[in-house]
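The values are calculated or read from the model by the stated rules, or taken from the named source; none is laboratory data. No experiment lies behind these values; they were computed from the predicted model shown. Cβ: placed from backbone, ideal geometry, glycine included. Neighbour counts: every protein chain shown. Surface accessibility is based on the protein's heavy atoms, side chains included, excluding ligands, DNA and RNA. Shrake-Rupley method; radii C 1.70, N 1.55, O 1.52, S 1.80 Å.
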Amino acid sequence: MAFTMPSFISRLTRPFTTTTRLGLNPESSIASPEGAQKATIAAGCFWGVEHMYRKEFKGKGLYDARVGYIGGNTDSPSYRAVCSGRTGHAEALQVTFDPAQVTYRQLLEYFYKMHDPTTSNRQGPDTGSQYRSGIFYHNAEQETIAREVTEKANEKWWKGKIVTEILPAGEWWDAEDYHQKYLDNNPGGYECPSHFLRSFPPLD
């Protein structure tokens, strides 16, 4: 009989795979309806980030969400390689959304509410550069919005302590299939304790 890790323990420890299957080709699987825009962020363990965004924006303009790797220096990285810290990638979430229903600004304000952007290369108990906080913009307008939201959130919410990096979105690599919708498929799976929605006042 297979051993099943109690859910309260599994929420405190991230399972690690020995798979060597490479990530998918960049931009391969995320749906892109006409008029859709992309947003790419990193906020620690990507399982919980995806889960929270899907739950919050389902039926509110979210077309699709994929977890994957960005910001590194190797092609087609595996989870094992990213976890080693040697590839330079961050665990990240890329969403496609309908800007008529939800704005990029709203997605970023949510980003600053749902994780701790003040810890460098760390999120909760998860340490390493792959868990860094980052916004990866896809055009000049997104960069402007990202810097505006970050400045306001830093002043009004996080007391000048934000260390989130803001960088152009480079090549994106989908994570392995079993990472997609991980917490939907594994309800008792690990959730980073720093992933929860803060009750902050409006930025504007």
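Taking (1) in contact with a strand residue (DSSP E or B) (Cβ under 6 Å, 6 or more places away or on another chain); (2) within 15 Å of Leu93 (Cβ to Cβ) in turn, Ile166 satisfies each apart from (2).
Quick one: would you say Leu108 is in contact (Cβ under 8 Å) with a residue 24 or more places away in the chain and open to solvent by less than 10 Å² (accessible area, probe 1.4 Å)? Yes: the conditions hold for Leu108. Taking the listed residues Leu183, Leu167, Leu203, the one that is touching a His at 6+ places or on another chain (Cβ under 7 Å), hydrophobic (A, V, I, L, M, F, W, C) and in contact (Cβ under 8 Å) with a residue 40 or more places away in the chain is Leu183, with no other qualifying.
One line per residue, one yes/no per condition, for (1) of a type in the set (Asp, Glu); (2) closer than 15 Å to His115 by Cβ; (3) modelled with pLDDT of 95 or more; (4) more than 15 Å from the chain's Cα centre (by Cα):
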site	(1), (2), (3), (4)
Ala169	no, no, yes, no
Trp173	no, no, yes, no
Asp177	yes, no, yes, yes
Tyr182	no, no, yes, no
Pro187	no, no, no, yes
Cys192	no, yes, yes, no
His195	no, yes, yes, no
Phe200	no, yes, yes, yes
Asp204	yes, no, no, yes
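Annotation: of all residues in segment 127-161 being among the small types (Gly, Ala, Ser) and part of a helix (DSSP H, G or I), the one that is surrounded by the fewest Cβ atoms within 10 Å (Cβ to Cβ) is Ala140. As a summary of the residue check, Pro26 satisfies the conditions (1) closer than 22 Å to Ala140 by Cα; (2) at pLDDT 95 or above except for the one numbered (2).
Can you work out which of the residues in segment 34-57 that are touching a residue at least 12 places away in the same chain (Cβ under 8 Å) and part of a loop (DSSP other than H, G, I, E, B) is surrounded by the fewest Cβ atoms within 10 Å (Cβ to Cβ)? Looking at the filtered set, the residue picked out is Gly35.
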